[in-house]
1. Would you point out the residue of the range 97-117, among those that are more than 25 Å from A212 (Cβ to Cβ) and small (G, A, S), that is surrounded by the fewest Cβ atoms within 10 Å (Cβ to Cβ)?
2. Determine whether V68 is surrounded by 24 or more Cβ atoms within 10 Å (Cβ to Cβ), β-branched (V, I, T) and farther than 19 Å from T275 by Cβ.
3. Is it true that G230 is of a type outside the set (V, I, T) and over 18 Å from the mean Cα position of the chain (by Cα)?
4. Please indicate, with yes or no, whether at least one residue in the range 185-192 is under 28 Å from A95 (Cβ atoms), in contact (Cβ under 8 Å) with a residue 40 or more places away in the chain and open to solvent by 10 Å² or more (accessible area, probe 1.4 Å).
5. Could you tell me whether the range 210-232 includes any residue that is free of Cβ contacts under 8 Å to residues at least 40 places away in the same chain and closer than 19 Å to R167 by Cα?
6. Are there any helices (runs of 4 or more DSSP H) wholly within the range 193-280 with 3 or more residues that are more than 22 Å from K158 (Cα to Cα) and either modelled with pLDDT of 95 or more or of a type in the set (D, E, K, R) (or both), and if so which?
7. Of the residues L271, L224, L266, which single one is within 20 Å of W59 (Cα to Cα) and either surrounded by fewer than 20 Cβ atoms within 10 Å (Cβ to Cβ) or in contact with a Phe, Trp or Tyr (Cβ under 9 Å, 6 or more places away or on another chain) (or both)?
8. Of the residues A135, A130, A94, which is within 24 Å of A260 (Cα to Cα) and either in contact with an Asp or Glu (Cβ under 9 Å, 6 or more places away or on another chain) or open to solvent by 10 Å² or more (accessible area, probe 1.4 Å) (or both)?
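The values are calculated or read from the model by the stated rules, or taken from the named source; none is laboratory data. Quantities reported herein were computed from a predicted structural model and do not represent experimental measurements. Positions of Cβ are generated from backbone atoms using ideal geometry, with glycine treated the same way; all protein chains shown enter the neighbour counts. Quick note on the areas: whole protein, heavy atoms, side chains included, nothing else; ligands and nucleic acids left out. Shrake-Rupley method; radii C 1.70, N 1.55, O 1.52, S 1.80 Å.
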Amino acid sequence: MSLKDITPRAQPDTRQNVWRAAAGALALTALSACNAVAPARPTAATATARPIVLVHGAWMGASAWDRVASDLRQRGFRVTAVELPGHGADTTPAAQLSLDGYVKTVLAALPAQGQAIVVGHSMGGMVISALAEQAPERVAELVYVAGYLPQNGESLYKIAMTDADSRVGAYWTQADPKAYSPASLRPEGIAEVFCADCNEADRRALVGSHRAEAVPPLGTPVSLSAERFGRVPRSYVHTRQDNAVSFKLQQTMLARAGGARQSWELNTSHLPMLTQPRALADILADVAR
């Protein structure tokens, strides 16, 4: 059975090609963790900056943010990279994973007092959107990095259906689609889809650390309101050479949402945290100050 023959349990659909486009929703893989770097002494600028919480996308873990997080910590920023359940080093079984569980994990990582800058990459955009609906008072700003930016009632896969330029569907594979088994990309497509501009070492790391992704959370719609989610400022970082979540779809999502407080374009693939970590860190530092 092929990718196009299945739909997520959380939101059935009879169209044959739904998962080819839905595959464009998936992002990244967990990379090997970098050596820990002690945070620098806060400067006058960073001492009053908002803490930054980083949320990864599908097929990845918190370590994908290592280069950006290390850069920001060396500048004196307070940074937390969240490991979502069932990703990276977390061993939660796929059958126990849900979008709500992802949101609760990020909520628990927010500072107990004050507000944070919450950054979501790819699938992480769905997570931070739902988070802002649940706890808008704890979020100073949402930052989407090639992230899915939903409307009320949309699931990730529903948005991804419109992404004709995504290449993920060409490499999608599952052991048992009828049972909604976790999905992977075939090894030969991982670098092409996620990081065509990566160096050879990063390409090997992406392939070697690739981990299957739970399917049902991708079909779970989010409930968003103007009174809660809509009151949280947002910014968007576009990735122009993206083969997973296309630049065109990124622009469309942002336009449907009514724009952003500010936006940037990086001439990268889906993983600017690997290929342009300093540029991405610069952006996040500016938002947090």
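1. First pass over the range 97-117, keeping only residues more than 25 Å from A212 (Cβ to Cβ): 107, 110-117.
Remaining after also requiring small (G, A, S): 112, 114, 116.
Details: A112: 5, G114: 10, A116: 20.
Among those that are more than 25 Å from A212 (Cβ to Cβ) and small (G, A, S), it is A112.
2. Numbers: surrounded by 24 or more Cβ atoms within 10 Å (Cβ to Cβ): yes; β-branched (V, I, T): yes; farther than 19 Å from T275 by Cβ: no.
Spelling it out, it is not the case that V68 is surrounded by 24 or more Cβ atoms within 10 Å (Cβ to Cβ), β-branched (V, I, T) and farther than 19 Å from T275 by Cβ.
3. On the way: of a type outside the set (V, I, T): yes; over 18 Å from the mean Cα position of the chain (by Cα): yes.
The answer is yes for G230.
4. In the first step, residues of the range 185-192 are kept if they are under 28 Å from A95 (Cβ atoms); the result is 185-187, 189-190.
From what's left, in contact (Cβ under 8 Å) with a residue 40 or more places away in the chain: 185, 190.
Still in the list and also open to solvent by 10 Å² or more (accessible area, probe 1.4 Å): none.
Checked against the condition, which is being under 28 Å from A95 (Cβ atoms), in contact (Cβ under 8 Å) with a residue 40 or more places away in the chain and open to solvent by 10 Å² or more (accessible area, probe 1.4 Å), the range 185-192 yields no hits at all.
5. Looking only at the range 210-232, we keep the residues that are free of Cβ contacts under 8 Å to residues at least 40 places away in the same chain, and these are 226-227, 230.
Retained after the next criterion (residues that are closer than 19 Å to R167 by Cα): none.
Taking every residue of the range 210-232 in turn, none turns out to be free of Cβ contacts under 8 Å to residues at least 40 places away in the same chain and closer than 19 Å to R167 by Cα.
6. Working: elements: 200-208, 247-256, 272-275.
Per the criteria, 200-208, 272-275.
7. Working: L224 fails: within 20 Å of W59 (Cα to Cα); L266 fails: within 20 Å of W59 (Cα to Cα).
Matching residue, one of L271, L224, L266: L271.
8. A130
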